[in-house]
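**Q** Okay, here's the structure, questions in a sec.
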Amino acid sequence: MASALIRKALISNPNGFRKAIGLFYNANRNHWNYQYKPGPYPRTPEERAAAAKKYGLTIEEYQPYPEDMCYGDYPRLPDIGTDSKDPYYPYDYPDLKRNFNEPIHARQEIFGEDRYDISMRPRFPLWYQWMWFLGVVGGSFALYLFLEDYKFGRPVTAKQYPQEGPHYLFCAK
Amino acid sequence: MGQILGSYNARNVDLYMDDKPTFNHQDGFSFERKQREMIAREEDLISARIPPVKRDYCAHYLLEYQQCRYKNMPMLYRCAHEKHDYLNCEQQDYVLRMKEFERERRLRVRERRLVGVA
């Protein structure tokens, strides 16, 4: 598999040896999905310490998800959306606002800058937004109900059609 | 502005837009009123497929206008005079309706005054 990938990369782009080095490196490190899986749920303090070390956290910081959520020993990190992170900090990966070896939140795929910011601080509180929404809509409706009795039309009688009996002009015969 | 206030105050005598006149057509006139006459024939209007809402007292102008359109298609600017005649007739029809409204309002005000006195 790895040799086939390297051959393909070299043949399709003979000048791209630099890319081949990257491929070669990744293939040799054997990074496959099953190796990203978290370990079993930590029960003893020693297991917790080992898990904290594995994810690069201190023991005080480390906190696993409840066991029935089936995240194993994966750490429960604070819910901070990427959009809420400091944009002026010199991150190692500025596009992701992430540092090297920084643990990734279990739901990071939804917390990206292009998706959802769970820790967003709204500019206006919710009660304020509701107050204005209900004030405008309710106020308009109240005005509509109030003005229901004050409607008026144009000062004309019904249109005259010949079959609806004789009609008369305002001049003498 | 004036016409809006006129129709707004007409509610005092329970008169609204598109109501029908209720008084005798000769009330308040010293002369005998001329009756409106329908010039276009119903069969012609049906034949020309004029919709019922347009079969009013101006229908003969509309008929002429449509004939002109039919003859001159697509040179419709040649029917400008026919169209003008038709729209003028419709405008006069509207003025007549406004006059009827005002007459109805005044007669109702007068009736109310007479009843109040009596």
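The values are calculated or read from the model by the stated rules, or taken from the named source; none is laboratory data. Please read these numbers as outputs of a predicted model, since none were measured by experiment. FYI the Cβ positions are ideal-geometry reconstructions off the backbone, even for glycines, and counts take in every protein chain you see. Just so you know, the surface numbers come from the protein's heavy atoms only, side chains and all, with ligands and any DNA or RNA stripped out. Shrake-Rupley method; radii C 1.70, N 1.55, O 1.52, S 1.80 Å.
**Q** Obtain the radius of gyration and the Kirkwood radius of region B:31-101 from its C-alpha atoms and give Rg over Rh.
**A** Details: Rg = 13.8 Å, Rh = 13.3 Å.
Rg/Rh: 1.04.
**Q** If you don't mind, another one. Find, to one decimal place in angstroms, the Kirkwood hydrodynamic radius of region A:1-126, where the mean of 1/r is taken over every pair of different Cα atoms and then inverted. Can you show the working numbers first?
**A** On the way: mean 1/r = 0.0561 Å⁻¹.
Evaluated on region A:1-126, it is 17.8 Å.
**Q** Taking the 0 to 90 degree range and rounding to the nearest ten, how far is the long axis of helix A:126-146 tilted relative to the main principal axis of chain A, both from C-alpha atoms?
**A** Helix A:126-146 and the main axis of chain A meet at about 10 degrees.
**Q** I want to verify a result. In a Gaussian network model of chain A, Cα cutoff 10 Å, which of these has the top mean-square fluctuation: A:PHE24, A:PHE133, A:PHE152?
**A** Of the options given, A:PHE152 has the highest mean-square fluctuation.
**Q** Distance cut-off 32 Å, Cα to Cα: go down the list A:LYS54/A:LYS85; B:LYS71/B:LYS99; A:LYS37/A:LYS97; A:LYS8/A:LYS85 and report the pairs above it.
**A** Check vs 32 Å cut-off fails for B:LYS71/B:LYS99; A:LYS8/A:LYS85.
**Q** If the reach is capped at under 20 angstrom between alpha carbons, list the aspartates and glutamates near B:LYS20, excluding any in the same chain fewer than eight residues apart.
**A** In chain and number order, the partners are A:GLU164, B:GLU37, B:ASP56, B:GLU90, B:ASP93, B:GLU100, B:GLU102, B:GLU104, B:GLU111.
**Q** To the nearest 0.05, how large is the calculated FRET efficiency for A:LYS151 and A:TRP130 if R₀ is 30 Å and r is the Cβ-Cβ distance? The partial results should precede the final answer.
**A** Working: r = 31 Å, r/R0 = 1.05.
Calculated value: 0.45.
**Q** Could you tell me which of A:PRO122, A:PRO78, B:PHE23 has its Cα farthest along the dipole of the protein assembly as shown towards the positive end, charges placed at Cβ (Lys, Arg +1; Asp, Glu -1), taken about the Cα centre?
**A** B:PHE23
**Q** Follow-up question, since we're still on this one. Taking all protein chains in place and a 1.4 Å probe, what share, in percent, of the accessible surface of chain B do carbon and sulfur account for?
**A** 54 percent
**Q** Considering Cα pairs under 8 angstrom that are at least six residues apart, work out the relative contact order of region B:2-117 and quote it in whole percent.
**A** Result for region B:2-117 is 27 percent.
**Q** Give me the summed buried accessible area for the A-B pair, 1.4 Å probe, to the nearest 100 Å².
**A** On the way: alone 15390 and 9740 Å², together 21990 Å².
Approximately 3100 Å², summed over both chains.
**Q** Still on this structure: Might you report the magnitude of the Cβ-based charge dipole of chain A about its Cα centre, with Lys and Arg at +1 and Asp and Glu at -1, to the nearest 20 debye? Walk me through the numbers on the way to the answer.
**A** Details: 22 positive and 20 negative charges, 169 e Å.
Dipole about the Cα centre, nearest 20: 800 debye.
**Q** If the only charges are +1 at each Lys and Arg Cβ and -1 at each Asp and Glu Cβ, what is the size of the charge dipole of the protein assembly as shown around the Cα centre, to the nearest 20 debye?
**A** Here the protein assembly as shown has a charge dipole of around 760 debye.
**Q** Determine the sum of side-chain charges near A:TYR65: Lys and Arg each +1, Asp and Glu each -1, restricted to other residues whose C-beta is under 11 angstrom from that of A:TYR65.
**A** Numbers: positive: A:ARG76, A:ARG107; negative: A:GLU67, A:ASP68, A:ASP73.
So the surrounding residues net to -1.
**Q** In region B:8-117, what trypsin sites (Lys or Arg not before Pro) fall in a loop by DSSP, with at most 12 other Cβ atoms inside 10 Å?
**A** Details: sites: B:ARG11, B:ARG33, B:LYS34, B:ARG36, B:ARG41, B:ARG49, B:LYS54, B:ARG55, B:ARG69, B:LYS71, B:ARG78, B:LYS83, B:ARG97, B:LYS99, B:ARG103, B:ARG105, B:ARG106, B:ARG108, B:ARG110, B:ARG112, B:ARG113; in loops: B:ARG36, B:ARG41, B:ARG49, B:ARG55.
Sites meeting the loop and neighbour criteria: B:ARG41, B:ARG49.
**Q** Give me the Kirkwood hydrodynamic radius of the protein assembly as shown, using the inverse of the mean 1/r over all pairs of distinct Cα atoms, in Å to one decimal.
**A** Numbers: mean 1/r = 0.0336 Å⁻¹.
It works out to 29.7 Å.
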